[in-house]
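J.: Got a structure for you, written out below as structure tokens; questions coming shortly.
The values are calculated or read from the model by the stated rules, or taken from the named source; none is laboratory data. Bear in mind the structure is a predicted one, so any value in this text is a computation, not a measurement. Ideal geometry is used to build each Cβ from the backbone, glycine not excepted, and the neighbour counts take in all protein chains shown. Areas reflect the complete protein model, heavy atoms only, side chains present, ligands, DNA and RNA absent. Shrake-Rupley method; radii C 1.70, N 1.55, O 1.52, S 1.80 Å.
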Amino acid sequence: MADQEAAPSAQTWTHRWTFVLAAAGSAIGLGNLWKFPYITGINGGGAFVLVYLVCIALVGIPIMMAETALGRHGRHSPINSMRELARESGASRWWGMVGWMGAFTGFLILSFYSVVAGWAIAYTLEMFAGVFQGMTPAEVGGNFESLLGDPVKLTIWHTVFMVMTGVVIARGIHKGLESSVRIMMPALFVLLLAVLGYSVVESGHFMEGVNFMFAFNPEDLSWDAVLAAMGHAFFTLSLGMCTIMAYGAYMPKKASISRTVGSVVVLDTFIALVAGLAIFPLVFANNMEPGGGPGLLFVTLTSAFANLPGGQIFGGIFFLLVVLAALSSSISLVEPTVAWVIERFPVSRAAATSVYCALVWLFGLGTVLSFNEWSGESAQIFGMTFFEFIDYLTANITLPLGGLLIAVFAGWTMKRSYIYKELNLSLGAFNLWRAMCRVIAPICVVVIFYFSTIEEPLMELLGMAGQ
Ligand code: TRP
């Protein structure tokens, strides 16, 4: 224990509640504000939302507790923690692969995350400049289309966002991460509530929005949508790629994991639902399509701000906060890998960060081009654009797979006494958690994988063959 405490990565957060802020900062981001509403729209609303909530409860919570506990017990960067934990429990070194896969996934996610965060930077400036004042929703939509059509503009904003991420990471966890989450999150929350208030009072279609999100029509539900809902549960909680493990390594021993994880999950889910409730009434009020795709957040809220007294200022502040929320998430995509590099090689944090961010930036150009030069069919991968493919691969495949392995490791492989001590639950609660990790979460992931990626495509294939 003593030598672990002295390990280079064994610094801890300065305040006990900073882990909550940092983990919430990681969880709450574009996933809640941009992705959740738009994929809810694409997947038809109510039934999708219900499956998402069930996945948060049955899969998300137990795995988040597992990841935090593994991180705090391991006290190193995820790759080394996983190896160390496996060794300690007499298991194979191959468990280190979970860390590697996480690093790979983080790289891929950040590459498109940064491009989308770049849109929010562009919108912040345009809002403050008053570009949208008095525009109709159709004009706002046109403005968004023209941003996506311009690879140079997209690259500029993508670059700005990557540099911001790099700077925060390079400054290290105390100065960089802590101070950036402490102020941003509450401010974001207040503004989001203000937009929700506008939606309730002014849109005139609030109940339509509520219905869309919560009316349960089982016939809307395909296995594809179920997979997307589960994948999003991982994405929004930052699970399955060892982010929470990396942050858990900085968590003080005294803090309660269950309470901390509980607060993060509640905050994250609440913000996603509030974002949806703010956005969908505006969709209906403006006669837009709920399944309109990635532009949903940008077009609906911008149209609202465009016609609101003071919208120029509030809209600007809102998108600025979206950028900051994205930043507190993007740093958590980088941290596990950079933590490992500086643990393993004699390089500075700044050098490791620069090289890493430059590589992600380069790969992100694929997403930039997905919306313009590469949007045609000739550039598609399995019928998806580059961006859609990377998004699908990470949210629907590597995150659930990483989460599955973490659950199996914590539930079956790691010595019971170690994890019992970390979680510090009553025996009944511990057994419940363990059953979720051992059985329920893995079954959910495997069943959903099976039906969406094997059974359903197979049936389609057979159906076609039969015609
Ligand atoms: N959870 C963040 C969001 O909702 C994105 C994110 C940050 C993430 N770190 C992650 C997703 C790690 C998966 C894994 O915007």
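J.: For the range 275-285, indicate whether the set of residues that are out of contact with any strand residue (DSSP E or B) (no Cβ under 7 Å at 6 or more places or on another chain) and part of a loop (DSSP other than H, G, I, E, B) is non-empty.
T.: No: zero hits.
J.: Scan the range 203-253 for residues that are surrounded by fewer than 24 Cβ atoms within 10 Å (Cβ to Cβ) and in contact with a Leu (Cβ under 6 Å, 6 or more places away or on another chain) and jot them down.
T.: Ser203, Phe216
J.: Further question on the same structure: Would you kindly identify the helices (runs of 4 or more DSSP H) lying entirely within the range 362-467 that contain at least 1 residues that are open to solvent by less than 60 Å² (accessible area, probe 1.4 Å), touching a Leu at 6+ places or on another chain (Cβ under 6 Å) and within 30 Å of Trp157 (Cα to Cα)?
T.: The helices (runs of 4 or more DSSP H) meeting that bar are 386-391.
J.: Taking the stated definitions as given, is Gly311 open to solvent by less than 10 Å² (accessible area, probe 1.4 Å), farther than 21 Å from Gly204 by Cα and either modelled with pLDDT under 95 or more than 16 Å from the ligand (Cβ to nearest atom) (or both)?
T.: no
J.: Let me ask something additional. So, in the range 21-54, exactly how many residues are open to solvent by less than 10 Å² (accessible area, probe 1.4 Å), modelled with pLDDT of 95 or more and within 24 Å of Ala410 (Cα to Cα)?
T.: The total comes to 2.
J.: For the range 24-63, how many residues are within 16 Å of the ligand (Cβ to nearest atom) and more than 27 Å from Val115 (Cβ to Cβ)?
T.: 4
J.: Another question, then. Can you tell me which of Glu67, Glu84, Glu126 is charged (D, E, K, R), closer than 26 Å to Asp150 by Cβ and either assigned to a helix (DSSP H, G or I) or away from the ligand (no atom under 16 Å from the Cβ) (or both)?
T.: Testing whether each residue is charged (D, E, K, R), closer than 26 Å to Asp150 by Cβ and either assigned to a helix (DSSP H, G or I) or away from the ligand (no atom under 16 Å from the Cβ) (or both) leaves just Glu126.
J.: Right, another one. Filter the range 385-403 for residues that are out of contact with any strand residue (DSSP E or B) (no Cβ under 8 Å at 6 or more places or on another chain) and either of a type in the set (S, T, N, Q) or away from the ligand (no atom under 14 Å from the Cβ) (or both) and give the result.
T.: Thr385, Phe386, Phe387, Glu388, Thr394, Asn396, Thr398
J.: Among the listed residues Val226, Val265, Val200, which satisfies the condition of being in contact (Cβ under 8 Å) with a residue 12 or more places away in the chain and within 16 Å of the ligand (Cβ to nearest atom)?
T.: After ruling out the rest, the residue left standing is Val265.
Listed here are the residues, each with its yes/no results for (1) part of a loop (DSSP other than H, G, I, E, B); (2) in contact with a Leu (Cβ under 8 Å, 6 or more places away or on another chain); (3) of a type outside the set (S, T, N, Q).
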site	(1), (2), (3)
Val265	no, yes, yes
Val299	no, no, yes
Pro309	yes, no, yes
Ser328	no, yes, no
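J.: May I ask you to list pairs of residues, at least six apart or on different chains, whose Cβ atoms are under 6 Å apart, with the first in the range 372-388 being closer than 19 Å to Ser114 by Cα and the second being in a helix (DSSP H, G or I) and of a type in the set (S, T, N, Q)?
T.: Filtered contacts from the range 372-388: Thr385/Ser370; Phe386/Ser370; Phe387/Thr367; Phe387/Ser370.
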